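Peer 1: Below you will find the structure I want to go over with you.
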């Protein structure tokens, strides 16, 4: 529809009715988020109007009208208005499927709620408030808010923490080695007949030689991978056969465990290797500085964390409900206790009647 909008003769404006999903579905850089991003960054989203639920025959869900335009008024440029119209409805005298509510149009005895919603949209107040009757009680309700386009954007950052491993030759870790694919394949063969048997026997002998060589490391606990690799390289020289790179990796994996007290594992460039199990993700408001956010929110808890800048993504979502959340205080404890006592007395009276 946007592709059909014209800029000539005053431009175009369209209204689209959606459910809640297009407001937030899809992670940063996903198709859904990129559509929201394109619309917002091109300053085409003028307003979103939240409608009451139970307006449609086949569904009772809440719906939202997206106002899209390529000709925003000057006071709306770079802004998005959210209109909270969920309380503007009348109960129908007779429901039609899931349709139990209707927005008053001023005909007969119904108030002209459509005109009021239109007025709220047109006024574009940053904190528009109306007195509305909700559940028989008159309340001040926020019905309009205005935000900058960037308020709905965020950086999706990947927070890494360094890999820390200890290494040790123990019965438990040697059992893990025997389950490693590269180690298991040493005693397997794709050949046939006698050649296969010969290759398998040679593989089993190599497995035994590797395990025997590892015993030369004793039961020392290594908390530095570089130190362990040097020691491992020395003992593997005694193995009767060639130990491939894949098998060496299998040995390192099987004999290692994560250890917060161990030294950080470094890559070939001397940079810390990330631990995939400690990897986390954060959504940083687009208006916020990522480095400042890390200093404020992350580093006080995990000082060794860093951001993988190659994985930073931009996302957009519109958490409509969060912006219009209405706190409802819980009922007083005394009131709840009294209600329970009244119910107990009522049940006790009913039981007495049954016994009689």
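Peer 1: Can you confirm whether segment 26-44 contains a residue that is over 29 Å from the mean Cα position of the chain (by Cα), on the phi < 0 side of the Ramachandran plot and surrounded by fewer than 16 Cβ atoms within 10 Å (Cβ to Cβ)?
Peer 2: no
Peer 1: Hey, among the residues in segment 325-351 that are more than 21 Å from the chain's Cα centre (by Cα) and assigned to a loop (DSSP other than H, G, I, E, B), which one's nearest to residue 32 (Cα to Cα)?
Peer 2: The qualifying residue nearest to residue 32 (Cα to Cα) is 326.
Peer 1: For segment 175-227, give me each residue that is surrounded by 16 or more Cβ atoms within 10 Å (Cβ to Cβ), in contact (Cβ under 8 Å) with a residue 60 or more places away in the chain and out of contact with any strand residue (DSSP E or B) (no Cβ under 9 Å at 6 or more places or on another chain).
Peer 2: Selection gives 176, 177, 180, 182, 183, 186.
Peer 1: Within the group 109, 142, 159, 146, which residue is under 33 Å from the mean Cα position of the chain (by Cα), outside any helix (DSSP H, G or I) and surrounded by fewer than 17 Cβ atoms within 10 Å (Cβ to Cβ)?
Peer 2: 142
Peer 1: If I ask for residues that are surrounded by 13 or more Cβ atoms within 10 Å (Cβ to Cβ), in contact with a strand residue (DSSP E or B) (Cβ under 8 Å, 6 or more places away or on another chain) and touching a residue at least 60 places away in the same chain (Cβ under 8 Å), which ones from segment 5-25 would you list?
Peer 2: 5, 20, 23 - these are the residues of segment 5-25 that are surrounded by 13 or more Cβ atoms within 10 Å (Cβ to Cβ), in contact with a strand residue (DSSP E or B) (Cβ under 8 Å, 6 or more places away or on another chain) and touching a residue at least 60 places away in the same chain (Cβ under 8 Å).
Peer 1: Further question on the same structure: If a residue counts only when it is in the same structural domain as residue 173 (by TED's automatic domain parsing), which helices (runs of 4 or more DSSP H) contained entirely in segment 191-293 have at least 2 such residues?
Peer 2: Fully inside segment 191-293 and qualifying: 193-214, 225-236, 245-254.
Let's see how each residue does on (1) closer than 19 Å to residue 162 by Cβ; (2) within 18 Å of the chain's Cα centre (by Cα):
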{"position": "254", "(1), (2)": "no, no"}
{"position": "263", "(1), (2)": "yes, no"}
{"position": "278", "(1), (2)": "yes, yes"}
{"position": "284", "(1), (2)": "no, yes"}
{"position": "299", "(1), (2)": "yes, no"}
{"position": "305", "(1), (2)": "yes, no"}
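The values are calculated or read from the model by the stated rules, or taken from the named source; none is laboratory data. Predicted model, so just to flag it, every value in this text is computed and none were measured. So basically every Cβ, Gly included, is an ideal-geometry build from the backbone, and we count neighbours across all protein chains shown.
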